[in-house]
Structures are given as C-alpha cells and as structure tokens.
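Everything on this sheet refers to the single structure shown next.
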Amino acid sequence: MNLMMASTDSIHPLLRPVAGAAAAKPSLAQMTPAQARAHIAQVAAARPPGPAIDMVIDREIPGSGGPIPVRIYLPHEAAGVVMAFHGGGWLMGNRDTFDFVCRHLANDSGLAVVSVDYRLAPEHPFPAALDDAWEATCWVEAHGAQWQLPSGRLGLFGESAGGNLAAVVALMARDRQGPAIRAQALVYPATDARQGSDSLRTHAEGFMQRGADVAHAYRTYALGHGADAGDWRLSPLLAASHAGLPPALVVTAECDAVRDEAEAYADALAEAGVSVGCVRYRGMLHTFYSMRASVPAAALAQRQVADMLRTNLLA
C-alpha cells in the first residue's frame, strides 16, 4: 500500500519552527558520531537547569565491559529507585544531556533516579548498551544501599533508544527471575528493528527525526554489526511473550516516525494481560519530552511519567 506523507500542518504550532529548523540541517545519518554528540550536548546546554535535588552524586558501577558511569539523584526520604536510560539513538547522549529530565523526574516523583551512562555505538555496538543497562540495574538492586538508595522498590524509565533498553531490561528481569521491577515508563521507545511501520513512511521527512535517522541508528547500533532485526533484545516487540511484565506507561508523539512501533508495543503488553496505559500527544515531535521549558505538553508528560512510577513503586 502506498501511503502519502503526513502534512507538517499536523505539527503543534509551538513546534513548527523547531521542525523547520531541523529540516534545514544535516540529518543524523549525515553526521559523524562526534558531530552528533556535539549537537546533542549543545541542545542540552541551552536548556534551563533543572530543579535542585537534595543529593546529586556521580559514581561508577562495575561492569563486564568496564566501569559504568551513573548519576544518582536522591531526594529527601526517597522510597523507591528509578533506573533511567537516556535517548540518542544508542550513539549519542550521556548523563549530562539527560540531567534536566532526571532532575525533574526525581523532583516530581520524590523517587531516587539513577541515570545510566551506557556505552555508545559504533565504538561499542549491540549488545554493549544493553549489557550496561542490565548490569547497572542488577547492581543497584543488590548494592544500592551502599549509596543510601532505598531497596525493594525498583522501576525503569527510558526515552527513545533508552525506552528500548528499559523495555528489554524488563523482559530480561522477568525471564531471569529478578531484579523485581514494579513499573516501566517508556517514552516513544524503539521496539522493532524491522522498520516496517506506516509512521516511518508517513513521517520520514519534515518532522525533526527522519526515517533515515531511525535506519541509521538501528544500523550503527546493531544491524551494521551482524545483529538480527528479529532478536528480541533489539526488537522487544518480537519477544515470544509479553506476559508477566510489570505495569507500563507508553508515551508517544503523534508526529513521530517511531510512533507506530511504540504503540504496537503497548498493544502487545495489553494483549498479554499487562496493565498498560498508552498516551499519544497530539502535534508533538520526537524529543518533545525534553522540551519542558517551552512546551506545556512536555511538562504534562513528565508529570504523568512521574506519577505512574511513584504510584506503582509505592503500592
């Protein structure tokens, strides 16, 4: 079936200038990793600082691929811990570019947040990022008390590529009988490396993240290194079963190339009997979630994630 490209008129008026500016710049696929990382760092540095948190400390967790840097946000009397995985196509982003989002999550939820600075492709291809995400989660569950982190109430949060990591960590925890995950919040997660969705075609150009960017990210992280698109550790939508997973919230953006695969993941969870909410934000673009300072929908989505995680972790 031939699908028409979606009209950019569907983009929220607040974001049309952002989409227009992005369309005039090189795509992710046209940048070197160094250029892409410098760009995301520049965007993050332009944001206003997030709220003050009682304690913010940088630490390292031992990992099979070397020490895993993390940043811990510890509000006063936090009663649960959220493992947080940043976006950036598995090839850019770090705990500094995710600082603004994590500060707001800790402040809005009252939960401790551990932001994981996982290894990036192409220097460290699949499954390096996943290994770091998994090993950091296991370490915090077993040893987090050393850093004053509460125990027994653990959740997962990820945005875009980080949403992919959070979803796969939840599947691994189920299959390996621990750590016990109480909730997962996935913001426009990448879930299907086969890249056959309608939204990838209808939102391939003019909506900030291009279809070519999605293909480049999957290729740079995994597919260009011999990984199979059908591997559920890369494509959690293709897991043999989604039963028994923790309650989930999936946030999607209407004008986003990965919208359909994210919503398909929510559908798969629901069909397997998992308690799941899926919210599509109209007129929003990929990356809108981090635009809290200028986009009211981003503030709403961030509070929604915080409320869901707090409710499930403290139940």
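Out of ALA170, ALA133, ALA180, ALA166, which single residue is crowded, with 18+ Cβ neighbours inside 10 Å, aliphatic (A, V, I, L, M), out of contact with any Gly (no Cβ under 7 Å at 6 or more places or on another chain) and under 19 Å from THR311 (Cβ atoms)?
On the way: ALA133 fails: under 19 Å from THR311 (Cβ atoms); ALA180 fails: crowded, with 18+ Cβ neighbours inside 10 Å; ALA166 fails: out of contact with any Gly (no Cβ under 7 Å at 6 or more places or on another chain).
The unique qualifying residue is ALA170.
Filter the stretch 13-30 down to the residues that are under 14 Å from GLY283 (Cβ atoms) and under 22 Å from the mean Cα position of the chain (by Cα), then identify the one that is surrounded by the most Cβ atoms within 10 Å (Cβ to Cβ).
By that ranking, first place goes to LEU15.
Contact list please: Cβ distance under 8 Å, first residue in the stretch 266-294 and among the acidic types (Asp, Glu), second residue buried (at least 22 other Cβ atoms within 10 Å of the Cβ), pairs at least six apart or on different chains.
Cβ pairs passing all conditions: GLU271/HIS242.
Name the residue, out of GLU123, GLU135, GLU141, that is in a loop (DSSP other than H, G, I, E, B) and among the acidic types (Asp, Glu).
On inspection, the qualifying residue turns out to be GLU123.
Give the number of residues within the stretch 23-37 that are outside any loop (DSSP other than H, G, I, E, B) and in contact (Cβ under 8 Å) with a residue 24 or more places away in the chain.
Adding up the residues that qualify gives 6.
Which one is farthest from ALA183 (Cα to Cα), of the residues in the stretch 116-172 that are among the hydroxyl-bearing types (Ser, Thr, Tyr) and modelled with pLDDT of 95 or more? Give the derivation first.
From the stretch 116-172, those among the hydroxyl-bearing types (Ser, Thr, Tyr) are 118, 137, 151, 160; that's our starting set.
Now narrow it down to the ones that are modelled with pLDDT of 95 or more: 118, 137, 160.
Numbers: TYR118: 21, THR137: 13, SER160: 17 Å.
Looking at residues that are among the hydroxyl-bearing types (Ser, Thr, Tyr) and modelled with pLDDT of 95 or more, I get TYR118.
Among the residues of the stretch 180-197, which ones are assigned to a loop (DSSP other than H, G, I, E, B) and small (Gly, Ala, Ser)?
Initial filter on the stretch 180-197 (assigned to a loop (DSSP other than H, G, I, E, B)): 180-182, 188-197.
Residues satisfying the conditions are ALA180, ALA190, ALA193, GLY196, SER197.
Quick one: would you say GLN184 is modelled with pLDDT under 95 and either among the hydroxyl-bearing types (Ser, Thr, Tyr) or closer than 27 Å to ALA315 by Cβ (or both)?
On the way: modelled with pLDDT under 95: no; either among the hydroxyl-bearing types (Ser, Thr, Tyr) or closer than 27 Å to ALA315 by Cβ (or both): yes.
So GLN184 does not fit the description; no.
For (1) farther than 22 Å from PHE85 by Cβ; (2) of a type in the set (Asp, Glu); (3) at pLDDT 95 or above, each residue gets a yes or a no:
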| position | (1), (2), (3) |
| --- | --- |
| VAL18 | yes, no, no |
| PRO26 | yes, no, no |
| GLN30 | yes, no, no |
| ALA45 | no, no, no |
| PRO48 | yes, no, no |
| PRO51 | no, no, yes |
| VAL56 | no, no, yes |
| ARG59 | no, no, yes |
| PRO62 | no, no, yes |
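Yes/no matrix, rows are residues, columns are (1) of a type in the set (Gly, Ala, Ser); (2) part of a loop (DSSP other than H, G, I, E, B); (3) without any contact (Cβ under 8 Å) to a residue 24 or more places away in the chain:
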residue	(1), (2), (3)
ALA21	yes, no, yes
HIS39	no, no, no
GLY65	yes, yes, no
ASP96	no, yes, no
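Output the residues belonging to the stretch 297-309 that are more than 19 Å from GLN209 (Cβ to Cβ), surrounded by fewer than 21 Cβ atoms within 10 Å (Cβ to Cβ) and touching a residue at least 24 places away in the same chain (Cβ under 8 Å).
ARG303, GLN304, ASP307, listed by residue number.
The values are calculated or read from the model by the stated rules, or taken from the named source; none is laboratory data. Bear in mind the structure is a predicted one, so any value in this text is a computation, not a measurement. Positions of Cβ are generated from backbone atoms using ideal geometry, with glycine treated the same way; all protein chains shown enter the neighbour counts.
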